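Notes for the one structure printed next.
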Amino acid sequence: MRIISASQVRELLPMPVCVDAVARAMRAASTGSAQVPPRQFYPLPDGVGTYGLMPGASSELDCFGAKMISLLPDNPRQGRPAIQGFVALFDRPTGDVAALIEGAMLTGLRTAAASGVATRALAREDAVTCGIFGTGVQAETHIDAMRAVRNIERVLIWGRDQSRATEFARTQSERCDFDVVVATAEQAAASDIICTVTGSPVPVVAGRWVSAGTHINTVGAHTLDSREVDSELVAAAALYVDSLVSNRNEGGDIMIPIAEGAIEESAIVGEIGQVLNGSIPGRRDEQQITLYNSLGITAQDLYSADYVFREAVRQGVGTEVDLS
């Protein structure tokens, strides 16, 4: 068995490669060649968080596996990731344990890569500005994902904590080859591309702020009673999801407007994998608002982990452990 650390995942899985791996995963999930049962979350007895199990397999891969994570929302205040865990890969022909791959870094990369896949498929080709709502790990990886698929020239950062937003913008400006600046929510929402990665239970983006032709990735909300954008915006947009089943179970950004009567469930055009496979349309014209609601599915972890494992073997990276 090969153990692969967070730093090794980061090195082996550059964002453009991760975007391509996740695109393969989304195609497979929508055609049925990847089997991804609904993920299971369980509350911890003391109420500090949850832990989750996410199994998956694909006929396209020589491995199958599962991600196991802890989700403790207060962790970032102590300088730890909210999500920690690992992906276990098994060899499909033999059932041998092939690898344990650190899960927080993998999740951070593949989640942003999923937004990159949707942005590459749905955003205007001439999109050059990006509004990021949030200042955590996903804010940074989403900057990388957006610049992997569009020629981003300027990023506008909004955060609930002004000092954190200012510091985040400063560090990202030093890291990137374009301007990263702090903005009001309304200013950030005027961008060509919007990514919401806040985890807020209530909307942080209002439909009245968003211009025609914008593409939005909603990422931070993952329960039926939480959302990051308001019903006005959802009603104005062509809606896409990673999984129709997951959206019904967890997608508050879309399911709350449905419950309110603002839209019908038929307003969902379909899954992003169907766009990639050519079975449903993508962007209709330059004026259309498109919205991708990202909840994350195990296929994204599985395909990303498979790439990391194969590269680790090829490069001789990771620690070999004999379980016998």
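Readers should treat all values here as calculations from the given coordinates under stated rules, not as data from a laboratory. Only a predicted model underlies this, so the values are computations on that prediction, with no experimental measurement involved. Counting neighbours? That spans all protein chains shown, and the Cβs are built from the backbone with ideal geometry, glycine included.
Worth a mention:
- When +1 charges are put on Lys and Arg Cβ atoms and -1 charges on Asp and Glu Cβ atoms, the dipole computed for the stretch 124-297 relative to its Cα centre reaches about 160 debye.
- Scaled against 2.2 N^0.38 Å for its residue count N, the alpha carbon radius of gyration of the stretch 124-297 is 0.98.
- Modelled label positions at SER211 and GLN315, each set 7 Å beyond Cα in the direction of Cβ, lie 3.9 nm from each other.
- Residues in the stretch 273-314 reached by a label modelled at GLU60 [backbone nitrogen below 13 Å; 7 Å Cα→Cβ]: 273-278, 299-307
- For the chain, the 222 nm mean residue ellipticity estimated from helices alone, with every DSSP H stretch of n ≥ 4 adding -39500 (n - 2.57) and the total spread over all residues, rounds to -11500 deg cm²/dmol.
- FRET efficiency for ASP74 and GLU11, using Cβ-Cβ distance with R0 set to 22 Å, rounded to 0.05: 0.15
- Beta bridges by DSSP in the chain, antiparallel share as percent, to the nearest 5: 50
- Taking all Cα pairs closer than 8 Å and separated by 6 or more residues, the relative contact order of the stretch 124-297 comes to 20 percent.
- Here LEU44 and GLN287 are evaluated by their C-beta separation; at R0 = 35 Å the FRET efficiency comes out at 0.15.
- Annotation for ASN249 and ASN151: the two label points, set 7 Å from Cα along the Cα-Cβ direction, are 4.2 nm apart.
- Take the Cα of ASP91, go 7 Å toward its beta carbon, and the backbone nitrogen atoms of the stretch 1-33 under 18 Å from that spot belong to 1-4.
- Contact order normalised by residue count of the chain, Cα under 8 Å, 6+ apart, percent: 22
- Stretch in the chain that is longest and holds no GluC sites (Glu not before Pro) that DSSP places in a loop and that have at most 13 other beta carbons within 10 Å: 126-263
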